[in-house]
1. How many nm is it between the label spots at Ala243 and Glu93, if each spot is 7 Å from the Cα in line with the beta carbon?
2. If you roll a 1.4 angstrom probe over the protein chains with everything in place, what fraction of the accessible area of segment 7-245 belongs to carbon and sulfur, to the nearest %?
3. Taking the square root of 5 times each eigenvalue of the Cα gyration tensor, what semi-axes in Å does the equivalent ellipsoid of segment 104-246 have, largest first?
4. Tell me the relative contact order for segment 7-245 as a rounded percent, counting alpha carbon contacts under 8 Å between residues six or more apart.
5. What does the helix-only formula give at 222 nm for the chain: each DSSP H stretch with n ≥ 4 adding -39500 (n - 2.57), the total divided by the residues, and the result rounded to the nearest 500 deg cm²/dmol?
6. With equal scatterers on the alpha carbons only and no solvent term, can you work out the Debye log10 of I(q)/I(0) for segment 7-245 at 0.08, 0.13, 0.16 1/Å?
7. Measure out, as a whole number of angstrom, how far apart the alpha-carbon centroids of segment 128-142 and segment 223-246 sit.
8. Taking 7 Å along the Cα-to-C-beta vector as the label spot, tell me the Glu191-Arg164 distance in nanometres, rounded to one decimal.
Amino acid sequence: MDLAGRTALITGASSGIGRATAIELARRGVRVKVTGRDRGALEEVGAVTGGELLVADLADVEQVDRLAQWADPVDIVVNNAGLGWAGPLSAIELCRAEEMVRVNLLAPIRLTGLLLPGMIERHRGHVVNVASIAGHLGVGWEAVYSATKAALITLSDSVRMEVRASGIGVSVVSPGPVKTAFFDRSGHTYEQRFPRMVSPERVAKVVAGAIRFNRAEVFVPRWLAFPAWLHGAWPALYRRMAARSG
Ligand SMILES: NC(=O)c1ccc[n+]([C@@H]2O[C@H](COP(=O)([O-])OP(=O)(O)OC[C@H]3O[C@@H](n4cnc5c(N)ncnc54)[C@H](OP(=O)(O)O)[C@@H]3O)[C@@H](O)[C@H]2O)c1
């Protein structure tokens with residue numbers, strides 16, 4: 001899809017990857033519609049990109065519906081808003097698990113479901129779901145988060161099959177650790193030296209490329225495709241290696 005002149009809705013645009021994606025798409029001539037909960041941060045992104053904004057809490061399905069009504073029509077939807085939580089499964093509060101399912105999974109389901117019919121009618125559109133390497137591999141102490149992202153990946157594969165004939169593309173972008181507020185908000189700091197953190201701007205460029213060239217699945221950094229492949233192709237070996245490396 002040629003990006004210039006298109007319209008894109010970006011969720012979670014008030015911070016991190018979403019903010020960088022809004023700026024990257026605007027730089028490429030896309031008219032952006034940005035959303036998040038933090039009005040001040042959104043206004044700043046709106047000023048930088050010249051985009052429109054709507055404050056919405058994606059954990060609330062009525063606000064998701066209102067967001068879809070406000071955004072329609074769009075050519076591109078970037079389902080990026082998300083949150084994590086780190087700790088043993090037995091310690092997670094049910095309300096936090098529910099919030100993650102609502103924001104990371106239910107909101108993309110609803111938002112995409114509401115915006116796809118218009119795209120199909122216009123025979124033009126692209127959906128990007130920002131997942132995570134955690135959704136491909138399953139990460140310890142991030143079980144619920146990993147599960148929401150795994151579901152988002154499978155959702156994307158299914159929807160891609162449904163809309164392929166209508167000329168709509170669906171991309172899954174799966175980053176490893178990214179230098180954003182995500183870890184602080186998840187209640188832990190990223191202390192591993194490997195994999196190294198990448199910048200949100202790098203992920204934003206990958207998102208733009210995925211739309212431009214209709215890439216079904218992209219990893220950032222790219223080598224993360226290897227553990228994901230190994231996990232699927234040779235799970236016993238993957239488990240042995242993961243147990244050894246931690
Ligand atoms: N950072 C990483 O290492 C990493 C790795 C892999 C995947 N990801 C994924 O990348 C996406 C973006 O994360 P990030 O790293 O950019 O983190 P971030 O800086 O914390 O940004 C998260 C965004 O999601 C929005 N959000 C969270 N809860 C929301 C809610 N209830 N309603 C509406 N918006 C909500 C936030 O908006 P407000 O602040 O306005 O509430 C914020 O704009 C997430 O889906 C995350 O799972 C991140």
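The values are calculated or read from the model by the stated rules, or taken from the named source; none is laboratory data. In this text the structure is predicted, and so the values were computed from the model without any measurement. Cβ placement follows ideal geometry from the backbone for every residue including glycine, while neighbour counts extend to all protein chains displayed. Protein only, heavy atoms only, side chains kept; ligands, DNA and RNA dropped before computing areas. Shrake-Rupley method; radii C 1.70, N 1.55, O 1.52, S 1.80 Å.
1. Once both label points are built, they end up 3.6 nm from each other.
2. C and S fraction of accessible area: 54 percent.
3. The equivalent ellipsoid of segment 104-246 has semi-axes of 28, 17, 15 Å.
4. 19 percent
5. Here the helix-only value at 222 nm equals -15000 deg cm²/dmol.
6. At q = 0.08, 0.13, 0.16 Å⁻¹ the computed log10 ratios are -0.28, -0.75, -1.16.
7. 14 Å
8. So the label points at Glu191 and Arg164 sit 4.6 nm apart.
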